[in-house]
1. Which FRET efficiency, nearest 0.05, do Leu157 and Ser54 yield, Cβ-Cβ r, R0 30 Å?
2. What is the spin-label model distance, in nm, from Asp164 to Ser44 if the labels are put 7 Å beyond Cα along the C-beta direction?
3. Only helices at least 15 Å long along their axis, Cα-based, and averaging 0.0 or more on Kyte-Doolittle count here, so list those DSSP H runs from the chain.
4. Report the relative contact order of the chain, percent, no decimals, based on alpha-carbon pairs under 8 angstrom and at least 6 residues apart.
5. As a footprinting exposure proxy, order Leu137, Leu58 by other Cβ within 10 Å, with the fewest listed first.
6. Mind jotting down the distance between the C-alpha centroids of segment 158-178 and segment 3-48, whole Å?
7. Using R₀ = 22 Å, calculate the FRET efficiency as 1/(1 + (r/R₀)^6) where r is the Cβ-Cβ separation of Glu11 and Arg100; round to 0.05.
8. What is the gain in length, in nm to one decimal, between Arg171 and His30 on full extension, counting 0.36 nm per residue of separation less the C-alpha to C-alpha distance?
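Laboratory data are not the source of any read-out in this text; all were calculated from the coordinates shown. All figures in this text were calculated on a predicted structure; none of them were measured in a lab. Note that we place each Cβ from the backbone using ideal geometry, even for glycine, and neighbour counts take in every protein chain shown.
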Amino acid sequence: MTRGLGAAHDERRGAILEAVFAIVDAEGTHQVSIRRVAERAGVSVGRVQHYFPSKEDLLTAAFTAINDRGTARVQARIAASAEPVEALLTELIPATDEDRRLFRVAQAFETHALTNPELAAKLRQDYDELLGLLTTLVGPSATELLALALGLANLTLTGNLTADEARATVRSGIKKHG
């Protein structure tokens, strides 16, 4: 059995973070505790504390992981597309059940970050980087287009729009501003 860093370490850590995501998706960040995460992940409290000594460490790691996952998805979409602006903005629109789950979790962590100065700074940095990339691609309309995509993403979560409708609106916005 491998101890320390390695595949098993990463797998156990990932399973614990997935348990955090499940709790956050169902009940919000305020319901996360080391004990509840351990129960959900099917591990001991000590195992969770081995990876994340405190609840704040756990929430910070989960915040980082969900943001990194979103960033990786956007980067992959851009790399595979001939239309990078459309790829970036439409990737922000949740289309599948898993997309909606990840978006809900990310939103919950954004709300949590607003009351944590360290996470709030990281959130600002992440949005600055996203806006910087979008500005490079489309110029001064980047903020407007990002706001459009994020607002439409919320409307898909509430069921006001389908993902296809939201993505069509994003495409229309790109044509107007691109």
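1. Details: r = 30 Å, r/R0 = 1.02.
After rounding to 0.05, the efficiency reads 0.50.
2. According to this spin-label approximation, the distance is 5.2 nm.
3. Values: long enough: 7-27 (30 Å, 0.22); 55-79 (36 Å, -0.12); 97-113 (24 Å, -0.94); 117-138 (31 Å, 0.17); 142-157 (23 Å, 1.56); 163-177 (21 Å, -0.99).
Sorted by number, the helices that extend far enough and score high enough are 7-27, 117-138, 142-157.
4. Numbers: 149 pairs, mean separation 34.3, N = 178.
Result for the chain is 19 percent.
5. Numbers: Leu137 18, Leu58 22.
Listed from fewest to most nearby Cβ atoms, that is Leu137, Leu58.
6. If we compute the Cα centre of each part, the gap is 35 Å.
7. Details: r = 25 Å, r/R0 = 1.15.
Calculated transfer efficiency: 0.30.
8. Working: separation 141, 0.36 × 141 = 50.76 nm, distance 3.65 nm.
Going from the current span to full extension adds 47.1 nm.
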